[in-house]
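Below is one structure, written out as structure tokens; comments come after it.
The values are calculated or read from the model by the stated rules, or taken from the named source; none is laboratory data. Since we're looking at a predicted model, the values are computed, not measured. Neighbour counts run over all protein chains shown; Cβ positions are idealised from the backbone, glycine included.
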Amino acid sequence: MRILVTGAAGFIGSALCKKFRLSGHDITAIDNFSDYYDVTLKQMRVKELLTPLDIEVLTLDICDRMALEKLINSIKPDLVMHLAAQAGVRLKVNESHKYVESNLVGFSNVLVSTIQNQVPYFLYASSSSVYGDQASIPYRESESNLHPNSFYGGTKLTNEILTTTLVSKSETVARGLRFFTVYGPWGRPDMAYFRMLANTLVNSKLKIYGDGSIERDFTFIDDVTNAIELLIDEMKIYPKGQSDVVNVGGGHPISINKLIEVVEKISNKQLVFEKLNRNLTDVSKTMADPSKLYKLTGYNPKTEIETGILETFKWASNKNTLAHIQKWIESC
């Protein structure tokens with residue numbers, strides 16, 4: 001397949017580009033190399049993961065509608081894998097325009113161009129953030145009581161609504177991927193697990209919000225890329241114009257306190273951190289119901305947190321990463 005990947009220098013994007021290329025697909029990769037966190041991390045992902053596979057990442061912002069339209073029209077992809085977005089739930093109110101520009105305007109540009117160019121398949125990153133604190137646990141795709149706690153979550157829910165509306169009666173089949181706290185080597189430095197590991201390695205500052213009782217359904221990056229590849233294959237049976245969403249999570253949440261225990265055991269070092277009040281954008285618990293993913297693909301995320309954190313610790317401990325990790329943490 002000829003696949004366009006947006007956000008290709010990001011955490012999930014770079015891992016997927018590598019996965020797709022190793023599976024024999026033709027990849028066109030784009031990223032705007034935003035400075036949400038230190039851009040050297042994105043550059044290193046490209047250098048270490050993608051360049052050896054002859055994958056070039058073009059610098060292109062999805063907010064540039066004309067440039068995006070020209071690219072999609074010229075390469076005529078079979079699949080658009082849309083991952084580019086303003087990530088995170090904790091941007092200040094006066095920075096909310098970043099969510100609007102990337103997650104709404106940029107998303108709309110990609111979606112509309114995909115449909116207008118009659119691209120057969122469109123997959124995009126949604127989030128467990130769409131569920132909010134009022135949805136029943138475990139989170140099921142059929143849940144109708146969706147009230148996101150954050151502006152970010154609101155934009156992701158809007159993406160799902162826009163996709164369902166526009167894909168209907170088009171030549172495209174669409175699928176939203178509701179990711180649950182994806183972690184692993186080459187991950188994002190704004191994430192709690194990443195900052196904990198950095199704290200054990202370079203004594204970087206660490207803040208813990210709340211009493212540590214909030215729970216997250218951590219999903220290892222390899223499980224995510226495996227699930228996506230299977231979900232793409234499964235989509236090929238669907239009629240044009242169909243759209244759905246799928247949870248990409250294993251349904252095994254752990255608390256932040258448990259994560260602290262795991263990191264301390266693996267690193268053999270006690271975390272030193274500052275406790276702050278719980279952030280109101282944080283939901284109390286995320287937990288995927290993975291039954292739809294399993295029904296569609298026969299696959300469930302299976303990496304245990306101890307295994308995934310160990311692999312991430314090994315990556316964070318290598319010389320190349322250690323030389324930059326403090327700067328990455330301080331950038332966000």
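Only residues that are out of contact with any strand residue (DSSP E or B) (no Cβ under 9 Å at 6 or more places or on another chain) and of a type outside the set (A, V, I, L, M, F, W, C) were counted across region 194-233, and they come to 9.
Here is a yes/no grid of residues against (1) surrounded by fewer than 16 Cβ atoms within 10 Å (Cβ to Cβ); (2) modelled with pLDDT of 95 or more:
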residue	(1), (2)
Ser96	yes, no
Ile115	no, yes
Pro120	no, yes
Tyr152	no, no
Lys169	yes, no
Tyr183	no, yes
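Which residue out of Phe33, Phe20, Phe11 is in contact with a strand residue (DSSP E or B) (Cβ under 9 Å, 6 or more places away or on another chain), surrounded by fewer than 20 Cβ atoms within 10 Å (Cβ to Cβ) and among the aromatic types (Phe, Trp, Tyr)? From the options Phe33, Phe20, Phe11, the qualifying one is Phe33.
Listed here are the residues, each with its yes/no results for (1) over 19 Å from Met1 (Cα atoms); (2) part of a loop (DSSP other than H, G, I, E, B); (3) hydrophobic (A, V, I, L, M, F, W, C).
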| position | (1), (2), (3) |
| --- | --- |
| Leu68 | yes, no, yes |
| Ser74 | no, no, no |
| Pro77 | no, yes, no |
| Ala84 | yes, yes, yes |
| Lys98 | yes, no, no |
| Val112 | yes, no, yes |
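Return the residue satisfying two criteria in turn: it lies in region 62-93 and is β-branched (Val, Ile, Thr) and within 19 Å of Gly153 (Cα to Cα), and of such residues it is surrounded by the fewest Cβ atoms within 10 Å (Cβ to Cβ). Ranking the qualifying residues of region 62-93, first place goes to Val93.
Residues checked against (1) under 30 Å from Thr172 (Cα atoms); (2) of a type outside the set (Ser, Thr, Tyr); (3) out of contact with any Cys (no Cβ under 9 Å at 6 or more places or on another chain):
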{"residue": "Val245", "(1), (2), (3)": "yes, yes, yes"}
{"residue": "Lys258", "(1), (2), (3)": "no, yes, yes"}
{"residue": "Lys265", "(1), (2), (3)": "no, yes, yes"}
{"residue": "Asn268", "(1), (2), (3)": "no, yes, yes"}
{"residue": "Leu271", "(1), (2), (3)": "no, yes, yes"}
{"residue": "Arg278", "(1), (2), (3)": "no, yes, yes"}
{"residue": "Lys285", "(1), (2), (3)": "no, yes, yes"}
{"residue": "Thr297", "(1), (2), (3)": "yes, no, yes"}
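Test of understanding: among Leu259, Leu230, which residue is touching a residue at least 40 places away in the same chain (Cβ under 8 Å) and closer than 23 Å to Leu49 by Cβ? Of the residues listed, the single one that is touching a residue at least 40 places away in the same chain (Cβ under 8 Å) and closer than 23 Å to Leu49 by Cβ is Leu230. Put simply, of Ala316, Ala288, Ala323 the only residue that is farther than 24 Å from Ile214 by Cα and either crowded, with 19+ Cβ neighbours inside 10 Å or within 20 Å of the chain's Cα centre (by Cα) (or both) is Ala316.
Considering (1) over 22 Å from Arg216 (Cβ atoms); (2) assigned to a helix (DSSP H, G or I); (3) among the charged types (D, E, K, R), the lone condition that Glu160 does not fulfil carries the number (1).
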